[in-house]
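Student: Would you mind keeping the following structure in view while I ask a few things?
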Amino acid sequence: MLGRYHYHQIFRKSIIAFGTLFNNIVVKRKIRDAKGKTELESFKAPIQYGPYQKYLAIIAAEPTPERQSMQITLPRMSFEIKGLSYDSSRKVVPTQLARTIPPPDSDKKGQPVQYSQYLPVPYNLDIEMAIISKNQDDGLQILEQILPYFHPSLNVSIEIIDETHEERDIAIILNGVGYTDDYEGDYTQRRTLIWTLNFTVKTYLFGPVDVQKDIRKITLDYRSDIVRRPAELRYKAEVESTLEPPLPREEIDPDMPDTYKVVETFEDLLSEDNEFFGLD
């Protein structure tokens, strides 16, 4: 059972969906030009995957004003995975199969194909997102553009399985907000404000996908416990092409009934006297 390779990139898709929610947040500032007029400066707050401590280390590496071009710009956002846990509250029957019929043009030979796989296993991703800003107003602008959408959850629809085009609503829950001001020391040190938001992404994990084509040949054996004469009977049914030249069984189109026929045969495996059961 284990060892069958499958990789649906579900965690990766869930993380991308999470980051996409916050990739269009704008911060605006009032600045004065050379003539003393007040203008409005607008720019996007970048977001990246990774621990925010890495960006604080970059800032601390170049603290001198003469090398400000080497520093990263603030404000910015970062997020990272903090944990993974099983969600028993969303548990479903583990032995139940979910079946999907793809569009007719999904198979090259025109045969109907049915996908089947076991129902998903629910897991929760714990993600921590940090808002790093130099001044208080920038951080509050970003925070105020995020919090109204979470009360406390926000649903995002993503395509989890590429083969079956399975779509699921992923709930992203905001658990809490923290605040840190690491301004310590004298006035020569740079101030950094950090808002920490803790999220839970309720995602699903799917097993491998089984592809099932339509049945084109069956063989059925059954026994009859008759005292007078026990027997083991075999029933066969298969489709045959009526075209000239005939097509292979795998290439017959089931939507064209005039191009094939169903041939049935009966056979007594224990005797050649098939007249006893009326098989001839």
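Student: Would you mind ranking LYS82, LYS30 by Cβ crowding within 10 Å, fewest neighbours first? Could you put the intermediate results ahead of the total?
Tutor: On the way: LYS82 13, LYS30 9.
The fewest-first ordering by Cβ neighbours comes to LYS30, LYS82.
Student: Please arrange ASP126, ASP258, ASP162 by counting, for each residue, the other beta carbons lying within 10 Å of its beta carbon, fewest first.
Tutor: On the way: ASP126 15, ASP258 7, ASP162 11.
Ascending Cβ contact count within 10 Å gives the list ASP258, ASP162, ASP126.
Student: Could I ask something else about it? What number comes out for the charge environment of ILE131, summing +1 per Lys or Arg and -1 per Asp or Glu over other residues with Cβ under 13 Å away? The partial results should precede the final answer.
Tutor: Details: positive: ARG76, LYS134; negative: GLU128, ASP137, ASP138, GLU144, ASP181.
Summing Lys and Arg as +1 and Asp and Glu as -1 gives -3.
Student: Mind ranking 240-248, 134-142 by how tightly packed they are, going by the mean number of other C-beta atoms within 10 angstrom, highest first?
Tutor: Ranked by mean Cβ neighbours within 10 Å, highest first: 134-142, 240-248.
Student: How much net charge surrounds LYS202 when only other residues with a Cβ under 10 Å from its Cβ are counted (Lys, Arg +1; Asp, Glu -1)? Write out the running numbers ahead of the final one.
Tutor: Values: positive: ARG90, ARG168; negative: ASP87, ASP169.
Result for the neighbourhood of LYS202: 0.
Student: Which entries of LYS91/LYS217; LYS13/LYS213; LYS134/LYS202; LYS30/LYS134 show an alpha-carbon separation above 26 angstrom in the structure shown?
Tutor: Numbers: LYS91/LYS217 38 Å; LYS13/LYS213 29 Å; LYS134/LYS202 33 Å; LYS30/LYS134 15 Å.
Over 26 Å Cα-Cα: LYS91/LYS217; LYS13/LYS213; LYS134/LYS202.
Student: Hey, can you rank 6-18, 206-218, 86-98 by average C-beta count inside 10 Å, highest first? Before the final figure, lay out each step's value.
Tutor: Details: 6-18: 16.0, 206-218: 12.8, 86-98: 10.5.
By packing density, highest mean first, the sequence is 6-18, 206-218, 86-98.
Student: Ok, one more. Extending each Cα 7 Å along its Cβ direction at SER88 and TYR118, get the distance between those two points in nm, one decimal.
Tutor: 1.9 nm
Student: Okay, moving on. Add +1 for every Lys or Arg and -1 for every Asp or Glu among the other residues with Cβ under 12 Å from the Cβ of GLY19, and state the total.
Tutor: On the way: positive: ARG12, LYS13; negative: GLU80.
In short, +1.
All of the numbers you see were taken from the coordinates with simple rules; none came from a lab. Because the structure is predicted, anything quoted here is derived from the model rather than measured. FYI the Cβ positions are ideal-geometry reconstructions off the backbone, even for glycines, and counts take in every protein chain you see.
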